[in-house]
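Each remark here refers to the structure printed beneath this line.
The values are calculated or read from the model by the stated rules, or taken from the named source; none is laboratory data. Keep in mind that this is a model prediction, so the values were computed, not measured. For neighbour counting, all protein chains shown are included, and Cβ atoms are generated from backbone atoms with ideal geometry for every residue, glycine included. Accessible surface areas use protein heavy atoms only, side chains included; no ligands, DNA or RNA. Shrake-Rupley method; radii C 1.70, N 1.55, O 1.52, S 1.80 Å.
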Amino acid sequence: ATMVQKYQSPVRVYKHPFELIMAAYERRFPTCPLIPMFVASDTVNEYKSEDEAIHVIERRCKLDIDAPRLLKKIAGVDYVYFVQKNSLNRRERTLHIEAYNETFSNRVIINEHCSYTVHPDNEDWTCFEQSASLDIKSFFGFESTVEKIAMKQYTSNIKKGKEIIEYYLKQLEEEGITFIPRWTPPVACKSESSTSHPRRPVSPAINIPESATKEGLSNKEILNTSSSPSEPTAGTPDDKLDADYIKRYLGDLTPMQESCLIRLRQWLQETHKGKIPKDEHILRFLRARDFNIDKAREILCQSLTWRKQHQVDYILDTWNPPQVLQDYYAGGWHHHDKDGRPLYVLRLGQMDTKGLVRALGEEALLRYVLSINEEGLRRCEENTKVFGRPISSWTCLVDLEGLNMRHLWRPGVKALLRIIEVVEANYPETLGRLLILRAPRVFPVLWTLVSPFIDDNTRKKFLIYAGNDYQGPGGLLDYIDKEIIPDFLGGECMCEVPEGGLVPKSLYRTAEELENEDIKLWTETIYQSASVFKGAPHEVLIQIVDASSVITWDFDVCKGDIVFNIFHSKRAPQPPKKDSLGAHSITSPGGNNVQLIDKVWQLGRDYSMVESPLICKEGESVQGSHVTRWPGFYILQWKFHSMPACATTNLPRVDDVLASLQVSSHKCKVMYYTEVIGSEDFRGSMTSLESSHSGFSQLSAATTSSSQSHSSSMISR
């Protein structure tokens, strides 16, 4: 089995000019006392351009890897050789380094690429980035050992890289070298301009790796991108994380953890345009899955779809909790704990959970808890700024004084479990500590019911005090400053949290009323969901009167892979008949599913395709737009993506649809939103749309699936 490990560093910024950093870097060769494993290096190849702007040097480096003697014996080598090729361009002020292993190259493939470039915002600073991949094909049955050794060596070298440059900068300074002039073209005679052209191609002809040109943007490109601030293109340094920022706002991460964060973030930027969660939130999902990038990506994507479905991003601005909650929900934010974490106080024992569920229903209660969590995220961000260090979780103090059998009312416990489940899934790693105070006799019963639903990591953060133990040693004072201990716990701080109390029965609602209320809560979303079956696409009709309107769409593929198409027809499709046993009436239990294109219509005669089909994979977010060329009827179609390409657009017979319904794998789900905008209101730049095509028709042909969702225009709402 082959294992591929990838590494991508944050951007490290040196506040020194490129030329000085180069002088420091060169001192590492041929050997360097700071890297004991770096035993020797010999120059194998060297090239210098006539004007000395380009200098390429290839070295063979000899490394003494710190590995168990037994392994060295089995492998039959004492040293490992690497080839390192450095391409320095003094004119552009860049150094690209490529390295790969020569020893065991048929068993293990190691590739590393580093670059030193000028900081885009300050030409006297230098940026350093590195990426690497390790692919172990086979190693005498010691693959995982070799992987561990390689990763360990590699991460320790990453940490050393910075020290080495700083060590040599200091050495240069001690020798009185603090400035090295930039390269300038050699002054030649007047005929220079006429002769220089034929000679020009000589210098760029060196093999600068493709990845290098992609990652290190040339200055020219940087200037271009900055001229349109509305759409930062991928690759501009604002998109990248730098090491100092990570330390200040996200905490001390190991190199591999940084790499996971950067790679997951990059993936999100490619697939979820315009809706990327904050870095600290991405990090929470990684922590929740011990930095397993695939597992973290899965739970994060589910959470993003969930956020979108329930409009969670807008909950703080748009949702006003009903009065009953404001009066009877005995919880609220109260200063912060000794670590600077926001503190949430919940007087659960004083709260009438049964009354709240009966008066509000489970959904409104859940909504309220979500708004508390959203507020928690906001407070963490604020405290990170105030305290000058990363704070990514909050502390919850739960007072159980007054807890009784009433709290064990089954529907109440069920509501509580569901709330815990939703919060666990969408706000992982946000609970820094949970202090449970004044736990009564019934508490162990409640605890037995609830604890299986709580993640192990989270459970470790629980501290439970019975009776008045919290006042003793090891109690509340260890975690919360004396000045802010709430009055109801014997402290001197007035706590604004509502007292709770019984909800009057007159406020109870019938099950029916609550159900209608619940439905209203979750359907207030602007997105519609649709099901797509094999042989039964979902189609949406848009009538266009003004020829140059812009149709925009925004959809998430929740389940399965689909093909997205746009067609134009001069005549209106027949509205789907409700009474016939058409495919749509059968599939309706599975959600919204409508076909508009008549079975007898022929593509090219009755209707035409105006965009190339776009294949969208499960979990992708796609946004784009189409500038309409003609008035008439446009049909947006989401079609099941079956592996072999079917040329037939004819819809199958009813029994085919029935058969395919029985197999759930033939069902896809899409959540979509469409809007038509008059061309004058369109906020995307019209030029990028090339008057009629939505860049994605060119894109989808040329790009791989990961970047397909880069539609022509990103309309961020």
So how many residues does region 229-284 have that are over 25 Å from Q153 (Cα atoms), open to solvent by 20 Å² or more (accessible area, probe 1.4 Å), modelled with pLDDT of 85 or more and among the hydrophobic types (A, V, I, L, M, F, W, C)?
1
Strands (runs of 3 or more DSSP E) enclosed by region 1-104 - at least 3 residues per element that are hydrophobic (A, V, I, L, M, F, W, C) and touching a Ser or Thr at 6+ places or on another chain (Cβ under 6 Å):
54-63
E374 being in contact with a strand residue (DSSP E or B) (Cβ under 7 Å, 6 or more places away or on another chain) and either surrounded by fewer than 19 Cβ atoms within 10 Å (Cβ to Cβ) or not in a strand (DSSP E or B) (or both)
no
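For region 389-468, which fully contained helices (runs of 4 or more DSSP H) count at least 1 residues that are closer than 30 Å to L300 by Cβ, touching a strand residue (DSSP E or B) at 6+ places or on another chain (Cβ under 7 Å) and in the same structural domain as R378 (by the TED database)?
On the way: elements: 410-426, 443-450, 456-459.
Ranges flagged: 456-459.
Okay, residues lined up against (1) touching a Pro at 6+ places or on another chain (Cβ under 8 Å); (2) within 17 Å of F140 (Cα to Cα):
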| position | (1), (2) |
| --- | --- |
| D42 | yes, no |
| E46 | no, no |
| I57 | no, no |
| K62 | no, no |
| A67 | no, yes |
Here the residues within region 442-490 that are modelled with pLDDT of 80 or more, open to solvent by 60 Å² or more (accessible area, probe 1.4 Å) and of a type in the set (V, I, T) are I464
Of all residues in region 545-566, which are at pLDDT 90 or above and open to solvent by 10 Å² or more (accessible area, probe 1.4 Å)?
V563
Among (1) surrounded by 12 or more Cβ atoms within 10 Å (Cβ to Cβ); (2) touching a Cys at 6+ places or on another chain (Cβ under 7 Å); (3) farther than 30 Å from Q309 by Cα - the single one L431 does not satisfy:
(3)
I'm trying to understand the selection: among the residues of region 328-371, which are part of a loop (DSSP other than H, G, I, E, B) and among the aromatic types (F, W, Y)?
Y329
Just checking, does region 300-321 include any residue being among the β-branched types (V, I, T), farther than 19 Å from Y672 by Cα, open to solvent by 50 Å² or more (accessible area, probe 1.4 Å) and in a helix (DSSP H, G or I)?
yes
Residues of region 456-480 satisfying the condition of being closer than 19 Å to R347 by Cα, touching an Asp or Glu at 6+ places or on another chain (Cβ under 8 Å) and not aromatic (F, W, Y):
G475, I480
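Every residue, every condition in (1) among the acidic types (D, E); (2) open to solvent by 40 Å² or more (accessible area, probe 1.4 Å); (3) under 36 Å from the mean Cα position of the chain (by Cα), yes or no:
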residue: K15; (1), (2), (3): no, yes, yes
residue: A23; (1), (2), (3): no, no, no
residue: R59; (1), (2), (3): no, no, no
residue: I65; (1), (2), (3): no, no, yes
residue: Q84; (1), (2), (3): no, no, yes
residue: E92; (1), (2), (3): yes, yes, yes
residue: S115; (1), (2), (3): no, no, yes
